[in-house]
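These notes concern the structure reproduced below.
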Amino acid sequence: MKFSIRDLLLVTVIVALAFGLWVKRAEYLTLQEENARLSRRLEETERLMVTIVTEASRKQQGPVSEAVYGTNSSALAPKLAKP
């Protein structure tokens, strides 16, 4: 049985496509696992932040301190000179 160049080229293309799909699927599964891991980490961080804010407000018996949310200045911004 003789194989022509066309037959070899066809087999090469089919193998290349199959390999490319296999690599993409492996990449997709890896990204899906990473996405799930990061989603779990985000949920844990959000729960921790809620706990921190709740504990801070309980200790102060009032609004949450600037230490939790940063500075909260209600002063007006200075007026800049017009050119």
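Coordinate-derived values only; no laboratory data. Predicted, not measured: the structure shown is a model, and the values here were computed from it. Neighbour counts are summed over all protein chains in view; Cβ atoms, including those assigned to glycine, are modelled from backbone coordinates with ideal geometry.
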Checklist outcome for this item: Percent of all alpha-carbon pairs of region 5-64 at distances over 20 Å, whole number, is 62 percent
Checklist entry - So what are the ³J(HN,Hα) numbers for region 33-38, from phi and the Karplus equation (6.51, -1.76, 1.60; θ = phi - 60°), rounded to whole Hz, Gly and Pro as x? => result 5, 5, 5, 5, 5, 5
Item to check | Restricting region 18-56 to trypsin sites (Lys or Arg not before Pro) in coil, as DSSP defines it, with at most 11 other Cβ within 10 Å | outcome: none
